[in-house]
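Nothing in this text is a laboratory measurement; each read-out follows from the coordinates by a stated rule. For clarity, every value in this text was computed on a predicted model and none was experimentally measured. Virtual Cβ from ideal backbone geometry, glycine too; neighbours counted across all protein chains shown.
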Amino acid sequence: MSLFVAAFGFGLVSMSVIAIAAVGFTMQFGITNMINLAYGEVMISSAYVAYYLNKAGISIWIGMVVGALFGAAFSFLLNRIVYAPFQRKGTSYLGMVIVSLAISLMMANLLLPIVGYYSVSYQEGTGGLIRLGAIILTTNQILIIGIAVVVMLLIHGLLKYTRLGKAMRATSANPTLARNCGIPTQRVVDAVWLITGALCGLAGVVAALNSDSFAIANGAAFLITILAAAVLGGAGQPYGAMIGAVLIGLITELSAAAWSPEYKEVVAFGVLVLVMVLRPQGLLAKRGAMAAAG
Amino acid sequence: MRGFERYKVVSAVGALVLFVACGGGSSSSGSGLGSGALLVGVIAPFTGVDAALGPAYYAACLAAAPSINNNGGVGGRQVSCQQFDTRGEPADAVPAANQMIASNSNLMAVVGCTSDEAATVAPIINLHHIPMFCMTGQTEFNKTTLPYFHRLVPADIFDAYAMVGSALYGPGHAPYKRAALVFGNDIGSQAFVAPATNAFTKLGGTIVINQPITLGASSYRTEVAAMLATKPDVILTEALGSAGTYLKEVKTQNGGQMIPFIGTSATIDPTWFQQVRDAIGVADLTKYYGGVDLGYSFSGPAYTEFQTNLNAAASTFADAPKYKQRGSTLHLYDGIIMTALAMVATNSADPTVYNPKIKDIANGTSGATVVNTYKDGVAAIKAGKSIRFVGAGGENNFDKYNNSQSGYIWVTYDNQGNEVKVGQMTPQQTQDISAAGGI
């Protein structure tokens, strides 16, 4: 029993990491109609930016901020230079998916000779152990959960209570109508790429810190989990992605405790398949913050 | 296009991601060595979770090529090396092998083919009559019927026995009685589990947990909690690519205290050392790690030439010098040299002619002259002598299935990542473990 309680605690950490990444991913899709398969590579690139800073003696917590800024800038430029021109030419959804897949592969292969194929670690202590009954977490893991909670609250506040958030929702619902109503949709889209890029960069550093050891190959692995959470919750729905992250994070850890750990991802993706069969639009589609009015 | 159609695209991408998650021989005539460049294909994972394997084999080729080219080439033909990335996935390995063969009619040999892809690519390479030197320990190759397949390392089963030997008889500790098996859930890693379990339990030990782990996972917290709950004395592991993450978690959850861990010969690797050192610290790595390896001397004329060339290869591949003590790098270097010597000895670029000669050159025939370098080998052949090549990796002894093996030693690392021998199994211990394991 204590193993399940411990696994629940570990699941909280996993879901926190997934949530930060999945919310950024799903917002990109919800507002810009872009399924960005290069998201995992931007994450791992940001993780490496923080790694090199950390290697130079800078605290990983500062590296995390820089990683987020890098993710924001890189994602913004990626959209402006690559994705937006294709979208202006009327490239189909599927075509854009292929473009992003190409970008992902290019990034992975360009990064390989720069960062190497081997795993690296941040030079940062894990902090002290904190025991809450059978739950054992390090200080860093508690901080990761805290960061995720703060980020989720900020996203909620942004979407619900700010003009930019309302403009995002309007752009998501109907960009033409939003533009006709005077909303500067291009600036909104730019803001979305900056914000979601920052979430992507932050998630990359948090995920790398959480893993203790990471390599270039982790970019693709990150993406699979993020997509699973986003699709499970309802593509384009930030609150859905949060719920998806909770489910994926907890299921993977609890199933590792219940059965052989080699099946933990099988169980998580099995749940995803089940949800897609029973509710193809995801758990929260048409009900979340990004849903069209009415 | 919005609404339902958009969800269809998302569903299609989701399905694609799920799918991903669940995750010609030589054209030479047969007589004479021909002309034009020769190619050694390095088919191995260069990306993916086992991406650390391919570079070790590529380094071997980069070291071997100048040994041949600087000494007249193969009848004047220069040898070069090319990577073919399998991503460590059989599904990606097959097209990589086909592409390698279809677009290169000058392949003299293929090296690499790890356990990740050997089962799928070896038959293809064999079909095209290209000699191959594979770094797989899979049991299915113990009695292979593929005549172009060569293996210069023992089957994984012997690696497993050496690990059990280290746990039971290794120096500097009382016999470990409770072992946790932590291996990746890939084909290659799982090959260690059954023989290790058989040998360890029949010699009085207990396998407290057998934990196949998903390589490349972002964390192993629950797995480590479950493993620690069984209170093992020692962890037997491979888990390439994920060792740093797993072992750091062991240290964290165990209150900063490591548990002794014994790695396979594949853990004698500079990238593995760096990964684990960065994760748990060099002090704990050198204190708690034990490994097994084949008994290399790391000296002699063959090794000197190998190391010289490896250092020179840094201009092409900066990490090449790091592989100076990587067993597979030494062996594949020898394999390429032996192939070139076989071509010279048979005066043929036709692999159906020179392939059988590789075994003669490795094992030597009665009265053969022992040579250690390509230059000396060519000179001896031209003097009309039969030769036995003893290279950087030491003597080879191919059996009728083209499997070659030698004895194991127990090793650890020093602070710089150099291999340090700490002991060796006695013949009696080897016999006991082999008998217990079922061989």
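Can you tell me how much longer the chain between residue A:277 and residue A:179 gets when fully stretched, taken as 0.36 nm per residue apart minus their C-alpha distance, in nm with one decimal?
Working: separation 98, 0.36 × 98 = 35.28 nm, distance 3.60 nm.
Value of the extension gain: 31.7 nm.
Under a no-solvent Debye model with one identical scatterer per Cα of the protein assembly as shown, what's log10 I(q)/I(0) at q = 0.08, 0.10 Å⁻¹?
Cα-only, vacuum Debye calculation for the protein assembly as shown: -0.67, -0.98.
Obtain the nm distance between the two label points defined at residue B:78 and residue B:145 by a simple spin-label model: each point lies 7 Å from its Cα along the Cα-to-C-beta direction.
4.3 nm
Could you run the Karplus curve 6.51 cos²θ - 1.76 cosθ + 1.60 with θ = phi - 60° over region A:53-67 and give me ³J(HN,Hα) per residue in whole Hz, x for Gly and Pro?
Couplings: 5, 4, 5, 7, x, 8, 4, 5, 5, 6, x, 5, 5, 5, x Hz.
Restricting to Cα pairs below 8 Å that are 6+ residues apart, what does the relative contact order work out to for region B:57-157? Please round to a whole percent. Working shown, then result.
Working: 131 pairs, mean separation 19.3, N = 101.
After rounding, I find 19 percent.
What length, rounded to one decimal in nm, is gained on full extension from residue B:298 through to residue B:282, with 0.36 nm per residue of separation minus their alpha-carbon distance?
Fully extending the segment from residue B:298 to residue B:282 adds 3.4 nm.
Would you list, by chain and number, the lysines whose Cα falls below 24 Å from the Cα of residue B:287, excluding same-chain residues fewer than 8 positions away?
Qualifying lysines at Cα under 24 Å: B:177, B:231, B:248, B:251, B:322, B:324, B:421.
Report Rg(Cα)/(2.2 N^0.38 Å) for chain B, keeping two decimals. Show your work: numbers first, answer last.
Working: Rg = 22.5 Å, N = 439, 2.2 N^0.38 = 22.2 Å.
With N residues counted in chain B, Rg over 2.2 N^0.38 Å equals 1.01.
Would you kindly derive the ³J(HN,Hα) couplings of region A:199-204 from the backbone phi angles with the Karplus curve 6.51 cos²θ - 1.76 cosθ + 1.60 (θ = phi - 60°), listing them in order in whole Hz, with x for Gly and Pro?
4, 4, x, 4, 4, x
So what's the gap between the Cα centers of region B:392-426 and region B:161-186, to the nearest angstrom?
Spelled out, the Cα-based centre of one part sits 17 Å from the other.
So what's the back-of-envelope 222 nm ellipticity for chain B, counting only DSSP H runs of four-plus at -39500 (n - 2.57) apiece and dividing by all residues, rounded to 500? Intermediate values should be presented prior to the final figure.
On the way: 16 runs with 189 residues, N = 439.
Result for chain B, helices only: -13500 deg cm²/dmol.
How long are the three semi-axes of the equivalent ellipsoid of region A:1-96, in whole Å, if each is the root of 5 times an eigenvalue of the C-alpha gyration tensor, listed from largest down? Could the numbers behind the result be given before it?
Details: eigenvalues 187, 91, 15 Å².
So the three semi-axes of region A:1-96 are 31, 21, 9 Å.
Quick one: of the DSSP bridges fully inside the protein assembly as shown, what percent are antiparallel, nearest 5?
On the way: 17 of 56 bridges.
Bridges in the protein assembly as shown are about 30 percent antiparallel.
Let a ≥ b ≥ c be the square roots of the eigenvalues of the Cα gyration tensor of region A:126-189; is it rounded (a/c under 1.5), or, if not, prolate (a/b larger than b/c) or oblate?
On the way: a/c = 5.11, a/b = 4.35, b/c = 1.17.
Verdict is prolate for region A:126-189.
Distance between the C-alpha centers of region A:204-253 and region A:4-63? Whole Å please.
Between the Cα centres of region A:204-253 and region A:4-63 lies a distance of 8 Å.
When the Karplus curve 6.51 cos²θ - 1.76 cosθ + 1.60 is applied with θ = phi - 60°, which whole-Hz ³J(HN,Hα) does each residue of region B:200-216 get, with x for Gly and Pro?
Result, rounded to whole Hz: 5, 6, 6, 9, x, x, 10, 8, 6, 7, 10, 10, x, 10, 7, 5, x.
In terms of Cα to Cα distance under 19 Å, which lysines are near enough to residue A:166, apart from those fewer than 8 places away along the same chain?
Straight-distance partners of residue A:166: A:286.
Between residue A:150 and residue B:94, how high is the FRET efficiency from 1/(1 + (r/R0)^6) when r is the Cβ-Cβ distance and R₀ = 51 Å? Nearest 0.05. All intermediate terms of the calculation are to be shown ahead of the outcome.
Details: r = 48 Å, r/R0 = 0.94.
Calculated transfer efficiency: 0.60.
Rounded to the nearest 0.05, what FRET efficiency is calculated for residue B:201 and residue A:124 with R0 set to 51 Å and r the Cβ-Cβ distance?
Numbers: r = 40 Å, r/R0 = 0.79.
The calculated FRET efficiency here is 0.80.
Show which lysines lie in cross-link reach of residue B:143 when reach means a straight Cα distance below 30 angstrom and same-chain residues fewer than eight apart are skipped.
The qualifying lysines are B:202, B:357, B:359, B:400.
Roughly how compact is region A:193-294, stated as its Cα Rg over 2.2 N^0.38 Å to two decimals?
Working: Rg = 14.6 Å, N = 102, 2.2 N^0.38 = 12.8 Å.
That ratio works out to 1.15.
Ignoring everything except DSSP H segments at least 4 long, calculate the 222 nm mean residue ellipticity for chain A; use -39,500 (n - 2.57) per segment, divide by total residues, nearest 500. Show your work: numbers first, answer last.
Working: 12 runs with 214 residues, N = 294.
Computed ellipticity for chain A at 222 nm equals -24500 deg cm²/dmol.
Which stretch or stretches of region B:140-177 have amide N atoms under 18 Å from the point lying 7 Å from residue B:431's Cα along the Cα→Cβ direction?
Only B:162, B:165, B:169 fall inside the zone, counting backbone N under 18 Å.
In Å and on Cα atoms, what radius of gyration and Dmax does chain A show?
Rg and Dmax of chain A, Cα atoms, are 18.7, 59 Å.
When the C-alpha atoms of region B:180-268 are aligned to their principal axes, what extent does each axis show, in angstrom, from largest down?
Principal extents (largest minus smallest coordinate, Cα): 32, 26, 23 Å.
Report relative contact order for region A:2-278 in percent, whole number only (criteria: Cα-Cα under 8 Å, sequence separation at least 6).
This gives 40 percent for region A:2-278.
Given the Cα-Cα distance of residue B:119 and residue B:311 and 0.36 nm per residue of separation, how much length would full extension add, in nm?
65.8 nm
Would you look at the GNM of chain A, springs on alpha carbons closer than 10 Å, and say which of A:45, A:255, A:14 moves the most?
Most flexible of the set in this elastic network: A:255.
Which shape class, rounded, prolate or oblate, goes with region A:191-238 when its Cα gyration tensor gives a ≥ b ≥ c as root eigenvalues, a/c under 1.5 marks rounded, and past that a/b bigger than b/c marks prolate?
On the way: a/c = 2.39, a/b = 1.35, b/c = 1.77.
Oblate, because a/c is 1.5 or more while a/b does not exceed b/c.
How many percent of DSSP beta bridges within chain B run antiparallel, rounded to 5? Numbers along the way, then the final one.
Numbers: 12 of 51 bridges.
So the antiparallel bridges in chain B amount to around 25 percent.
Using a Förster distance of 51 Å, how high is the FRET efficiency between residue B:405 and residue A:98, based on the Cβ-Cβ distance and rounded to 0.05? The partial results should precede the final answer.
Numbers: r = 48 Å, r/R0 = 0.94.
Result of the calculation: an efficiency of 0.60.
Note down the relative contact order for region B:397-439 as a percent, whole number, built from C-alpha pairs under 8 angstrom at least six residues apart.
On the way: 29 pairs, mean separation 10.5, N = 43.
So the answer I get is 24 percent.
Give me the log10 of I(q) over I(0) for region A:68-124 at q = 0.21, 0.26 Å⁻¹, as the Debye formula computes it from C-alpha points; what are the numbers?
Debye curve over Cα of region A:68-124, log10 I(q)/I(0) at q = 0.21, 0.26 Å⁻¹: -0.92, -1.10.
Using amide H atoms built in the peptide plane, which far-off residues or other-chain residues are under 5 Å from residue B:209 H to H?
Hits under the 5 Å cutoff: B:181.
Using modelled amide H (1.01 Å from N, peptide plane; none on Pro or chain starts), what sits under 5 Å from the amide H of residue A:130, excluding residues fewer than 5 places away?
A:137, A:138, A:139
Rounded if a/c is under 1.5, else prolate if a/b is larger than b/c, else oblate: which is region B:128-175, with a ≥ b ≥ c the root eigenvalues of its Cα gyration tensor?
Values: a/c = 6.23, a/b = 3.49, b/c = 1.79.
Prolate.
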